[in-house]
1. Residues of region 172-189 with the amide nitrogen closer than 15 Å to a label point 7 Å from the Cα of D211, along Cα-to-Cβ, please.
2. Using the Karplus equation 6.51 cos²θ - 1.76 cosθ + 1.60 (θ = phi - 60°), what ³J(HN,Hα) coupling, rounded to whole Hz, does each residue of region 10-21 give in order, writing x for Gly and Pro?
3. Taking θ = phi - 60°, what integer Hz values does the Karplus form 6.51 cos²θ - 1.76 cosθ + 1.60 yield along region 96-109, in sequence order, with x for Gly and Pro?
4. What distance in nm separates the two pseudo spin-label positions at S47 and R263, each 7 Å out from Cα along the beta-carbon direction?
5. Residue by residue through region 125-132, what is 3J(HN,Hα) from phi via Karplus (6.51 cos²θ - 1.76 cosθ + 1.60, θ = phi - 60°)? Round to whole Hz and write x for glycine and proline.
6. Considering amide H positions built from the backbone, and no H for Pro or chain starts, which residues 5 or more places from F4, or on another chain, come under 5 Å of its amide H?
7. Taking amide H positions as placed 1.01 Å from N in the peptide plane, with prolines and chain starts having none, which residues 5 or more places from F76, or on another chain, fall under 5 Å of its amide H?
8. Taking 0.36 nm per residue of sequence separation and subtracting the Cα-Cα distance, how much length would be gained by fully extending the chain between Q73 and E101, in nm to one decimal?
Amino acid sequence: AKPFQVAIDGPAASGKSTTAKMVAQRLGFQYIDTGAFYRCITYEVLSREIDPTDPRNEEQISNIAEQAHIRLQTLFAAASGVSKDQDRILHSLPTTRVFLEEQDVSSQIRTEHVSQHVSAVAAIGGVRQAVLQKVRSIGAQDDARYVDGSPDSKSSTEGLVMDGRDIGTVVLPHADLKVFLVADSRVRAERRLLELIKSGATPAQEKLDIDAVQRDLERRDELDRTRKVSPLMKAKDAMELDTSGLTIETQVDVIVQEVYRRR
Ligand code: C5P
């Protein structure tokens, strides 16, 4: 049978990736974080000291995007058995490791430096084309593993959860369930700040000030919403979920129930 496809879109820090991972874990589905692709390309572009806001660099950046070899590996908490990773078991939140040319760049792609430039890179048509090809092809293969390393064989056959900005509109236009997450920008800034602190991805010299984080999120949303190629937009047939006042458990429940209802 065709895998059940769940598309989750929404603005920055609306809770997409946490929600998508937990939904995938609950249902035994594969999880694909499409933002990681744009982040990897941005990381590479910045490493080469190319300015993503200069239109003269678009072709070069598109070439980097085409040539980049990006691989995601989602580690689900083991369904049973022993794991040394107590913290992950407790919170049972899967983690995605991101490899660029087989080098683990999981933390490097989450810095504020990358976050500040990713929307400019993601607005380039050639970059979107390249990422579209890559994410559609990995939808067919399976990189999911339990934390003990054993392959999670169920995941790719039963379904997949993909999160991003244009999943319901462009990447998986025929998804079985489309969810559009929204949340107040202050609430999102608070969540992002907590995430940055917890992950330790942000070096001490980077400023951790809530107003700055909120401004950056709003600026990024604006860029994502107004770009010419596949802007951030709610698909006509998407279910909108405002998560400002919801706990993560509740929003996961709502989506999981909806999958059961439609399956
Ligand atoms: O979700 P995340 O914050 O990692 O995404 C980083 C950026 O990648 C977004 O701000 C957006 O510019 C871009 N993106 C996109 N389309 C997607 C996923 C992410 O344009 N499907």
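All of the numbers you see were taken from the coordinates with simple rules; none came from a lab. In this text, all values refer to a predicted model and were calculated from it rather than measured experimentally. Backbone-built Cβ (ideal geometry, glycine too); neighbour counts: all protein chains shown.
1. What the label zone holds, given the 15 Å backbone N cut-off, is 186.
2. x, x, 4, 6, 7, x, 4, 6, 4, 4, 4, 5
3. Those phi angles translate into 10, 9, 10, 10, 10, 6, 6, 9, 6, 10, 3, 7, 4, 7 Hz.
4. 3.8
5. Result, ordered by residue: x, x, 5, 5, 4, 5, 5, 4 Hz.
6. G159, L160
7. Close amide H contacts, sequence-distant or interchain: R145, Y146, V147.
8. On the way: separation 28, 0.36 × 28 = 10.08 nm, distance 1.35 nm.
Additional length available on full extension: 8.7 nm.
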